[in-house]
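The values are calculated or read from the model by the stated rules, or taken from the named source; none is laboratory data. Being a predicted model, the structure only gives us computed values, none of them experimental. All Cβ positions, even for glycine, are placed from backbone atoms using ideal geometry, and neighbour counts span all protein chains on display.
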Amino acid sequence: MLIDNIGTLVTNDPELGTLHDAAILFEDGKVAWVGTKIPQGTSGKRLDAGGRAVIPGFVDSHGHLVFAGDRAEEFAARMEGRPYTAGGIKTTVAATRAASTEALRANFDRLVAEALRSGTTTVETKSGYGLTVLDERRSLELAHPLQDRTFLGAHVVPPEHTADDYVHLVKGEMLDACAPHARWIDVFCEDGAFDGEQTRAILTAGIAKGLTPRVHANQLAHGPGVQIAVELGAASADHCTHTTDADVDALANSDTVATLLPGAEFSTRAQYPDARRLIDAGVTVALAADCNPGSSYTTNIPFCIAIAVREMRMTPDEAVRAATLGGAQALRRTDIGHLAPGARADAVVLEAPSHIHLAYRPGVPLVRSVFKDGRYMG
Ligand code: NIG
Ligand code: FE
């Protein structure tokens, strides 16, 4: 499949850069060639992009897609002034435990399909609404089609446990049951969830079982999450809404990506993270949707890009890059997030001449067609 007559082609490749009047060739699910002069002898299917933009598929590196029910009433109450707290998670835990595996899988599939329609070709998902050994394992098992699954037994302490007992369970029996079904381990390090000492203990136990850490850090207030993420070599510190200069320095001198989740600040009416400060300090930034029924019930990355540009002072280039290459970096994946030869043929054709329109035309469904592994998905 050759896509030609591309108005703007964002490759995220340091050498290729952003091309105009370009073409791209997919072969066997991979990018085979990118450029402006179509090579002689190219045959097969051809798609005329009609001057539209083509970008890498979005890599949504932070999601909570295995759950039942919703919390619309909680959202409505919040919009009337009630604050957001970590405790709301327990409502979804009760609904998730009570749901059949078929119902959970149907909801998960619906959200993955919804994300795909808005250009997301890779999603990560976490457990964290089961909080028993069997319910956490079930959450990870049913998300099996995804390569990037994260064990988040440490989301909150469920009502039937004391904090000490629960941390013991998460580090022991629950981790043993879940580690074979996950690539990552995460902790919600926050007041009302887990403190620094508990976070360190749980992540260290996960590392010993072969998982790589990522951390929900500094979302609702300043805390030790970012520093622990850096100290333990986490792939990502997620949220980073309340950070000190020392946190920003630590991130800048590490391989830990700062994953910003503006859907959460939007839906909890909170201050946005200071993306400008992070980027100017040299931190690698990713943008993700944080789809979950409590704090950010959206799968829509173009929406997050628009907020990041308008409210967080990212340039359109930076925001699109953070939602593609940045997400891939946060998942330590080199096969996605860019469109150089050899990359997966995951790409989006926009109903617009350039990627800037994703922020410039907020709320407009600009995703015209999506390719995953070179296959047309709609
Ligand atoms: O990333 N912060 C922890 N987890 C989710 C919220 C979960 C919930 O409220 O159900 C988040 O924002
Ligand atoms: Fe989250």
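Looking only at region 280-294, decide whether some residue is touching a Lys or Arg at 6+ places or on another chain (Cβ under 8 Å) and more than 14 Å from ligand 1 (Cβ to nearest atom).
Within region 280-294, none of the residues are touching a Lys or Arg at 6+ places or on another chain (Cβ under 8 Å) and more than 14 Å from ligand 1 (Cβ to nearest atom).
Of the residues ASP195, ASP176, ASP191, which single one is of a type in the set (D, E, K, R), surrounded by fewer than 20 Cβ atoms within 10 Å (Cβ to Cβ), in contact with a strand residue (DSSP E or B) (Cβ under 9 Å, 6 or more places away or on another chain) and in the same structural domain as LEU104 (by TED's automatic domain parsing)?
One residue alone meets the criteria, ASP195.
Looking only at region 293-312, decide whether some residue is at positive phi and part of a loop (DSSP other than H, G, I, E, B).
no
How about region 23-82: which of its residues are assigned to a loop (DSSP other than H, G, I, E, B) and of a type in the set (A, V, I, L, M, F, W, C)?
ILE38, ALA49, LEU65, VAL66, PHE67, ALA68, listed by residue number.
For the structure I just gave you, tell me whether PRO262 is within 17 Å of the chain's Cα centre (by Cα), in contact (Cβ under 8 Å) with a residue 24 or more places away in the chain, away from ligand 2 (no atom under 16 Å from the Cβ) and in the same structural domain as GLY69 (by TED's automatic domain parsing).
Taking the combined requirement at face value, the residue does not satisfy it.
Kindly indicate which of HIS168, HIS161 is without any contact (Cβ under 8 Å) to a residue 12 or more places away in the chain, closer than 24 Å to GLY87 by Cα and not in a helix (DSSP H, G or I). First the steps, then the outcome.
Details: HIS168 fails: not in a helix (DSSP H, G or I).
Just a single option satisfies the conditions, and that option is HIS161.
Among the listed residues ALA306, ALA275, ALA286, which satisfies the condition of being crowded, with 18+ Cβ neighbours inside 10 Å and within 16 Å of ligand 2 (Cβ to nearest atom)?
Exactly one of ALA306, ALA275, ALA286 is crowded, with 18+ Cβ neighbours inside 10 Å and within 16 Å of ligand 2 (Cβ to nearest atom), namely ALA286.
Within region 254-272, track down each residue that is surrounded by fewer than 24 Cβ atoms within 10 Å (Cβ to Cβ), touching a helix residue (DSSP H, G or I) at 6+ places or on another chain (Cβ under 8 Å) and under 18 Å from ALA330 (Cα atoms).
SER254
For region 318-374: of the residues being among the polar types (S, T, N, Q) and closer than 20 Å to ALA22 by Cα, which is surrounded by the most Cβ atoms within 10 Å (Cβ to Cβ)?
Once the filter is applied, the top-ranked residue is THR324.
Contact list please: Cβ distance under 7 Å, first residue in region 68-86 and surrounded by 16 or more Cβ atoms within 10 Å (Cβ to Cβ), second residue of a type in the set (Lys, Arg), pairs at least six apart or on different chains.
Listed by first residue and then by second, the contacts come to ARG78/ARG269; TYR84/ARG78.
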